[in-house]
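Everything below concerns the one structure shown next.
The values are calculated or read from the model by the stated rules, or taken from the named source; none is laboratory data. The shown structure was predicted, so the numbers you read here are calculated from the model rather than taken from an experiment. Here Cβ is always computed from backbone atoms with ideal geometry, including for glycine, and neighbour counts include all displayed protein chains.
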């Protein structure tokens, strides 16, 4: 049985807003942990994108879908680049902004071209899913490899949760394509999509908790070093 879409939407929206607030508060207390600010921005942008996307209709489908998808992509690009800044101080805020702008521009261009050439809605959804999954996997990799530099064990929890978010996105893309070619029924696709959305929400919470633990672990290590 598929989970109720409206309930999942509301829970997903609420979890993103709460995660954005928690991460922002943690960043306010620990300004050097820049990845918290990036995560907060990613969660807030994705929550607003969900609201914008919910208003689309037949006549406004392209404009609102593009706006919502670009906001999602911008958020996850911020997540990735913020994780990179946390591990590599050579990446400045200006360079980070340029990278995010470049990623969003490439996605918007590909989305517009797909629409101009008459690609079906599922193909556009697959493009969006691949972009978000790619950015999320890159963020997971940046988090994981940063362990070699600072040895913060909380990185493993964050990297695992973020990687699982990417996996849920890839599964969604896979089932979109299978449904498009007629391999599975719409009912099966709807069932899988609902449970991947549920898992996505769960791993968002785990990743947020991991980021807060990361900030606290960094503070505790600094206190031990001072002693």
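Listed values, structure above:
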| read-out | value |
| --- | --- |
| The one condition in (1) in contact with a helix residue (DSSP H, G or I) (Cβ under 6 Å, 6 or more places away or on another chain); (2) at pLDDT below 90; (3) within 20 Å of residue 211 (Cα to Cα); (4) part of a helix (DSSP H, G or I) that residue 152 fails to fulfil | (4) |
| Scan of region 91-101 for residues that are under 16 Å from residue 67 (Cα atoms) and surrounded by fewer than 12 Cβ atoms within 10 Å (Cβ to Cβ), ordered by number | none |
| The one condition in (1) in a loop (DSSP other than H, G, I, E, B); (2) in contact with a helix residue (DSSP H, G or I) (Cβ under 7 Å, 6 or more places away or on another chain); (3) within 25 Å of residue 215 (Cβ to Cβ) that residue 56 fails to fulfil | (3) |
| Test: residue 153 is surrounded by fewer than 15 Cβ atoms within 10 Å (Cβ to Cβ), under 27 Å from residue 23 (Cβ atoms), free of Cβ contacts under 8 Å to residues at least 12 places away in the same chain and over 17 Å from the mean Cα position of the chain (by Cα) | no |
| Members of region 68-93 that are under 30 Å from residue 54 (Cα atoms) and at pLDDT below 90 | none |
| Some residue of region 160-170 being buried (at least 20 other Cβ atoms within 10 Å of the Cβ), out of contact with any strand residue (DSSP E or B) (no Cβ under 6 Å at 6 or more places or on another chain) and more than 30 Å from residue 216 (Cβ to Cβ) | no |
| Only listed residue being part of a helix (DSSP H, G or I), farther than 22 Å from residue 193 by Cα, in contact (Cβ under 8 Å) with a residue 12 or more places away in the chain and over 16 Å from the mean Cα position of the chain (by Cα), chosen from 94, 20, 74, 26 | 26 |
| The listed residue being at pLDDT below 85 and farther than 17 Å from residue 125 by Cα, out of 163, 215, 209, 223 | 223 |
| So residue 176, is it buried (at least 18 other Cβ atoms within 10 Å of the Cβ) and either at pLDDT below 90 or not in a helix (DSSP H, G or I) (or both) | yes |
| Residue within region 46-68 that is closer than 20 Å to residue 143 by Cβ, surrounded by 16 or more Cβ atoms within 10 Å (Cβ to Cβ) and in contact (Cβ under 8 Å) with a residue 12 or more places away in the chain present | yes |
| Residue among 108, 123, 114, 166 that alone is in a helix (DSSP H, G or I) and either without any contact (Cβ under 8 Å) to a residue 12 or more places away in the chain or under 16 Å from the mean Cα position of the chain (by Cα) (or both) | 166 |
